[in-house]
Amino acid sequence: MLDAFIHPIGFGIFAAWWIATLYCVSLCQRHPNIPVEHRAWYNLLVLLTGPWGMAVILTRFRYPAHDAAAQEYRDQVEGGPVMRWLKRILGLQRPEPAQNTVIELCTADGKPVHQLDSRYGKRARQDDSESLTRIKNLLLDAVEARVTDVLIDPRSEDQYSVRFRIDGVLEEVEQIGAEMAHNMLNCLKIAARMDIAERRRPQDGSFMIKLPQLPINCRMATAGTLRGPKAAVRILDRRVGLKPVTDLGLSRKDMERMLVAANRKSGMILVCGPTGSGKTTTLYALLNQFDATSRNIVTVEDPIEYPIEHATQTEVNVRANITFANVMRAMLRQNPDVILVGEIRDNETAELALQASNTGHLVLSTVHGNDSSAAMLRLSDLGVPPRRLAGAITAVLSQRLVRRLCPECKTRTQLSAAQFDIAQEHGMTSDEVYKPVGCGECRDTGFHGREGIFELLFVNRAVDSVLTQDPTLAELRDAAIEAGMMPMFHHGMQKVASGLTTFDEIARVCGSE
Ligand SMILES: [Zn+2]
C-alpha cells in the first residue's frame, strides 16, 4: 500500500482521483436540482465516494426543466465548466454547436426549420446553418434571461442591433452585420411561415422554440424600414406568463375579494391597464384556478398567448370574419360557464358581454381605462350606461407592473422630505426604504423581476346602488373607496414600505400623483 504512494504512477493515479473528487464536490455544490437543505449530505457522499457518488447523483437528480436543459446544451457546446474555464484561460473561441443541438427552431405546429428549407441550393443552406445556429443561440440566451421581447433592428446600412426587453426595459445585447442579420431574419421567417422575399410589407406570424419537454411559443412581427427589414419577437414563456392567483401580488384582502368574484356563477370581471401590464397573466391566473373538468370554459383571444388545458380557445381573425362579437354569439349558444373575451372594444361586444353576465355566465375581459372607475365608465363610451352595469359587473381590477428590487444588492436609504410627504398621505409611516444598487445577479440594474400593483373595485351593494344613478367618475371613485377600494398608489406604497420596489418606480407607472 505504502509502495503505491511512493511509486510515481501510483501517486499520480491517487492525485488524479482526488482532483476528480474535489471537482465532483464543486459540481454537486452547483447542481440546480439537489435540494439546498440536503446539499451538505450529498457533498459528504461525493467526498467519500468520489466520481462514483457523483454518477449516482447525476442519475438520481435528472435535469427536468429547461433551465437545466439550457445549461446542458451550453455544456455540450462548450464542453462543461472546466473546458469553458480552460478555453477562457487559453483565449479560445466558442466553437460551433454540436449537430444534435438541444434547442430547436420550429414552426408553430412543431416542425424543425432545417427540415423545411428544401427550396434552397446547397450553398445557401450552408450559410443558413450558420445563421440558424446564431439565431438559436440568441433565442436560448433570451429564454435564459427571462426576456419577453427580442427586437432586431437595422442601425445603419451594414449594422443591425439586437435588443432584449427584460422586466419591461430594453437593453442592447449584440450588434450583427447586416448580411448575417438578414439570414437570421430569414430563418425566423421560415419558422413563422412568412414570405421571405417580402422585405417591406408588414407580416405577422408565430413559431416555436423547442427545449426538451418545454415548447415555448413566440409571436413575430416584421416590417420594412428605410435601412432594411426589422423584426420583433415576443417570447411567451409559460413560466414567466402563467402564475397562480396567489402569486400575482394582490394584497390579501383584494385577493380574497377577487376569488369571491371569480367563484360566482355569473357576473363580469374586468381587468384594465396599459399594454404589458400583465392583464393576460391575471386573466389566465383566474381561469387556471377553476376546476376545468366541472366548468365549461371558452375563450376568444387576440392572440391566444398560452394554451389552457380543458378550455376551448378561439383566436380572432378579422380577415376571416372571426371577431370577438361573432365568436361570442356562437359561444353563448353552447351555454358555457366561463367566457373569456380578450378585449371589449366595441358596442356589440360590450352588449354581448353584458347579456352573457345577466344570463348566468361568468365573463372575464379587459377594457381600456386609467383606473378601475374609469374602466367601468369606459363601457358607457361604448354605449352601455352605468345603470345597466348594476347587478351585472362584480369587479374591476386595474393594474401596473413595476420593477422588483434585486434582493441580493438592495440597500437601505431614506425618502426625500417631498417624497415622504406624498408617501404619508398614502399610509406610509416610516421613510426607511430600499434603493437599487446593482450586482452580478441583476446584471447591474439593481432590479430583478417585476411586481404587480393593483386597484380592485369590488362591486358591493353600496357601489351597485351608486351605479344605478349613472354616477360621474368622481362619484363612482368615492363610492368605491368608501366600499374599501385601496387606490393603486396606496398599494404601491405598501410595496415600497416592504422593500419590494422603489418610490420612483411607483411614481413612474402611476403617473403624477
Ligand atoms: Zn443585484
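The values are calculated or read from the model by the stated rules, or taken from the named source; none is laboratory data. Since the model is a prediction, treat every value here as computed from it, not as a measurement. Cβ coordinates were reconstructed from backbone atoms using ideal geometry, including for glycine residues, and neighbour counts include every protein chain displayed.
Numbers below:
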| item | result |
| --- | --- |
| Qualifying residue in the stretch 421-434 (condition: within 16 Å of the ligand (Cβ to nearest atom), surrounded by 13 or more Cβ atoms within 10 Å (Cβ to Cβ) and modelled with pLDDT of 95 or more) | yes |
| Test: residue 404 is under 23 Å from the mean Cα position of the chain (by Cα) and on the phi < 0 side of the Ramachandran plot | yes |
| Residue check for residue 437: of a type in the set (A, V, I, L, M), free of Cβ contacts under 8 Å to residues at least 40 places away in the same chain and either in a helix (DSSP H, G or I) or at negative phi (or both) | yes |
| Residue that is nearest to the ligand (Cβ to nearest atom) [pool: residues in the stretch 388-418 that are crowded, with 16+ Cβ neighbours inside 10 Å and part of a helix (DSSP H, G or I)] | 389 |
| Selection within the stretch 258-276 - under 21 Å from the mean Cα position of the chain (by Cα) and surrounded by fewer than 22 Cβ atoms within 10 Å (Cβ to Cβ) | 274, 275, 276 |
| Residue in the stretch 489-496 that is in a loop (DSSP other than H, G, I, E, B) and either more than 16 Å from the ligand (Cβ to nearest atom) or touching a Cys at 6+ places or on another chain (Cβ under 6 Å) (or both) present | no |
| Residue 421 being in the same structural domain as residue 493 (by TED's automatic domain parsing), more than 17 Å from residue 502 (Cβ to Cβ) and either touching a residue at least 40 places away in the same chain (Cβ under 8 Å) or in a helix (DSSP H, G or I) (or both) | no |
| Residue 454 being closer than 30 Å to residue 263 by Cβ, crowded, with 22+ Cβ neighbours inside 10 Å, not small (Gly, Ala, Ser) and not assigned by TED's automatic domain parsing to the domain that holds residue 171 | yes |
| Residue in the stretch 441-450 that is farthest from the chain's Cα centre (by Cα), counting only those that are on the phi < 0 side of the Ramachandran plot and within 7 Å of the ligand (Cβ to nearest atom) | 441 |
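Okay, residues lined up against (1) surrounded by fewer than 18 Cβ atoms within 10 Å (Cβ to Cβ); (2) closer than 25 Å to residue 219 by Cβ:
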| position | (1), (2) |
| --- | --- |
| 256 | yes, no |
| 297 | no, yes |
| 311 | no, yes |
| 323 | yes, yes |
| 333 | yes, no |
| 340 | no, yes |
| 346 | yes, yes |
| 353 | no, no |
